[in-house]
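Colleague: Got a structure for you, written out below as structure tokens; questions coming shortly.
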Amino acid sequence: MKQKKRLSSGKWLVLFLVTALLLAMAVPVFNILTDPFGAFGDPLLQWWSYDMTRNPRLSKMTYLEQNHDKYDSYIIGSSGSSAIPVEGLNRHLDASFYNCFFYGTETQTFEEMAVYILNTYQPKNLVLNLSLMSAVAYSSSDNKLTKYQYYKLNGTNPLVFYSRYLFVSPLEGISKLQEKHSDGYLLKAYRVFLPETGAYDKSTREVEGIRELEDYVSREAYRIFRDYPKRTYQIPALAESMAAVARIRDLCAEKGTRLIVTCQPTYVDNLAFFSREDQARFFDALAQVTDYWDFTLSSVSYDPRYFYDATHFRNAVGEMMLARMFDDDSIYVPEGFGRYVARGSTPGAPEAAPLPETDYTARVPILRYHHLVEAGEAGGATMTVGAFADQMAALHAAGYTPVDIWQMRDYVEQGAELPEKPILITFDDGYESNYSLAYPILKQYGFKATIFAIGVSIGKDTYKDTGKPIIPHFSLEQAEEMTDSGLITVASHGYDVHQAEGLDPDPIRQGALQREGETETEYVEYLTNDALHMQALLGEAGKFFSYPEDKHDLRCLVILHRAGVFATVSGNGSHTLLIRGLPQCLFDMPRQLVTEDMTGAELVALLEADGP
């Protein structure tokens, strides 16, 4: 019997060393492939949103190395700069902007980024967005992997730079792979960027239905505004920061790049961190270096609804900035918002006062009807024509003026006026009785109304392809007649998301929610196509949506918004609050269900109990 050979101690040592070497090589190879900070160009996953969330100042530069041919202009600044919309800048300046903002406010990094971009990409335009925090610290001593600058910007030895990311814990890469595997449609904390623009992904914040101030600050995301922190800052880095701005100015002039300097909108309690004397020093010093637009303090600064959190203003406020800068009267800009400061002037600290809320908000009752009958059985969602006529007469006598969604949108987005007692009258489903019974009464008073039609049921008296009889729905020809009058808007109740028990295959879709057994990908595609179908059928009015049975969730709303929907109605409540400059207030507007047993006088009393 042969004896098994044993490895000598020398061979064991060699095997150990080889194994250790392979393991040592495996870690950097794994870190390069997974690249959780975007240091190596994310060769495997190309998941830039994740990389930018971990370290935007690094990964945005490596992203641009691969994609710089798509852009000819850039924004540089701290994270508040995300709300300066690249789409608006592109429109006004005939450019292709990329937003290079990062976490932090140090001016040294602004300069390093500007110098690199100016020398490497020769941009047409450069927007430099500043705040008082830009003079608090010129440089950062933070050595976290999430804050390291790309070595090409600050002259770091590339071997030193890459070694930091080559030998980072592989748990970082494992975490990225796990998140990628479980990732879904909605925004997640581990990916908060839109890589194509460099801006934050605000898809969930842009549809959140902003209304009453008390409700807003009671939400968990905005509770900081209930008890705002108290701090004191000084500006010891003012001279260094202004010198950096001057060098950026000079290099822009040398390269033929247009430089636009802005000072971002600031919440009033945050501005109080700085003394009035330091505020004046900052703005006077900046004026000795360059022309700039100052949006630091205005009436907007006094209302937290225009802000996401302690330091970040809403994208809608960024739209106001551009409207003020480029004389765009299609966007609402409150009086006194923004001042242009010429180089060589002494503007001092900004001054502003809050506006009365009645100057920029309006309460609009929204009524909800369904089907009318001549006489006989009524109740629930069905009403007799006599009861409807009584209610319309009472609204007319009480001085209410029905408006449409276009007037409401113009109030919010452009600051247009509404009549003294506006009201929105709506119908769900698109029944033929809306045309034959309700429309003549509305015409009698010159009242406007909105009818949310079910696309698949338009012109039908049977249910889809089942042949089963249903309450008749008006035709496209009848819809066209009503809309041509200027009184009626035919909007969307979904093309085929409104499903019925016993008539549609089980499991039926509940409202506009994901159907049981449907994957998220299938749901997103279905609801998107449904929304686009209604827009093709109804035009712009197809972008105004009423949820079937009021059933929806945040994901549903984000899908619809991305598909072009700009306003939705849902829930119960006698009034909605419109806020100029905040298009979010057009989402999930509550409605008052009006019933047969409510007299016209009772309806008016209900509406006026909450105040006009």
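The values are calculated or read from the model by the stated rules, or taken from the named source; none is laboratory data. As the structure is a prediction and not an experimental result, all values here were calculated from the model. Every residue, glycine among them, receives a Cβ derived from its backbone with ideal geometry; neighbour counts consider all protein chains shown.
Colleague: Kindly state which strands (runs of 3 or more DSSP E) lie completely within segment 327-392 and contain at least 1 residues that are touching an Asp or Glu at 6+ places or on another chain (Cβ under 6 Å).
Modeller: 339-341, 382-384
Colleague: Would you point out which residue out of D484, D429, D404 is within 30 Å of E357 (Cβ to Cβ), under 36 Å from the mean Cα position of the chain (by Cα) and either in the same structural domain as L577 (by TED's automatic domain parsing) or at pLDDT 95 or above (or both)?
Modeller: D404
Colleague: Across segment 114-135, which residue is farthest from the chain's Cα centre (by Cα) among those that are in a loop (DSSP other than H, G, I, E, B) and buried (at least 20 other Cβ atoms within 10 Å of the Cβ)?
Modeller: Among them, the one singled out is P123.
Colleague: Please go through segment 206-215 and give me each residue that is surrounded by fewer than 18 Cβ atoms within 10 Å (Cβ to Cβ) and either in the same structural domain as Q584 (by TED's automatic domain parsing) or in contact with a Lys or Arg (Cβ under 8 Å, 6 or more places away or on another chain) (or both), ordered by number.
Modeller: Correct list: L213 only.
Colleague: Another question, if that's okay. Say whether the condition of being buried (at least 18 other Cβ atoms within 10 Å of the Cβ), assigned by TED's automatic domain parsing to the domain that holds R258, part of a loop (DSSP other than H, G, I, E, B) and in contact with a strand residue (DSSP E or B) (Cβ under 6 Å, 6 or more places away or on another chain) is met by at least one residue in segment 99-107.
Modeller: yes
Colleague: Oh, and also: Please state which of the following conditions V373 fails to meet, knowing it meets all the rest: (1) among the aliphatic types (A, V, I, L, M); (2) surrounded by 21 or more Cβ atoms within 10 Å (Cβ to Cβ); (3) farther than 30 Å from Q288 by Cβ.
Modeller: The number of the failed condition is (2).
Colleague: Can you go through L442, L418, L437 and tell me which one is part of a loop (DSSP other than H, G, I, E, B) and either in contact with a strand residue (DSSP E or B) (Cβ under 6 Å, 6 or more places away or on another chain) or buried (at least 18 other Cβ atoms within 10 Å of the Cβ) (or both)? It would help to see each step written out before you state the result.
Modeller: On the way: L442 fails: part of a loop (DSSP other than H, G, I, E, B); L437 fails: part of a loop (DSSP other than H, G, I, E, B).
After ruling out the rest, the residue left standing is L418.
Colleague: Oh, and also: Can you tell me which residues in segment 479-495 are within 17 Å of I423 (Cα to Cα), without any contact (Cβ under 8 Å) to a residue 60 or more places away in the chain and surrounded by fewer than 24 Cβ atoms within 10 Å (Cβ to Cβ)?
Modeller: Hits for segment 479-495 are G486, L487.
Colleague: Looking at this structure, is A272 of a type in the set (G, A, S) and more than 25 Å from R211 (Cβ to Cβ)? Spell out how you get there, then give the answer.
Modeller: Working: of a type in the set (G, A, S): yes; more than 25 Å from R211 (Cβ to Cβ): yes.
So A272 fits the description; yes.
Colleague: A follow-up question, please. Out of the residues in segment 176-196 that are assigned to a loop (DSSP other than H, G, I, E, B) and in contact with an Asp or Glu (Cβ under 7 Å, 6 or more places away or on another chain), state the one that is nearest to L33 (Cα to Cα).
Modeller: Among residues in segment 176-196 that are assigned to a loop (DSSP other than H, G, I, E, B) and in contact with an Asp or Glu (Cβ under 7 Å, 6 or more places away or on another chain), the one nearest to L33 (Cα to Cα) is Y190.
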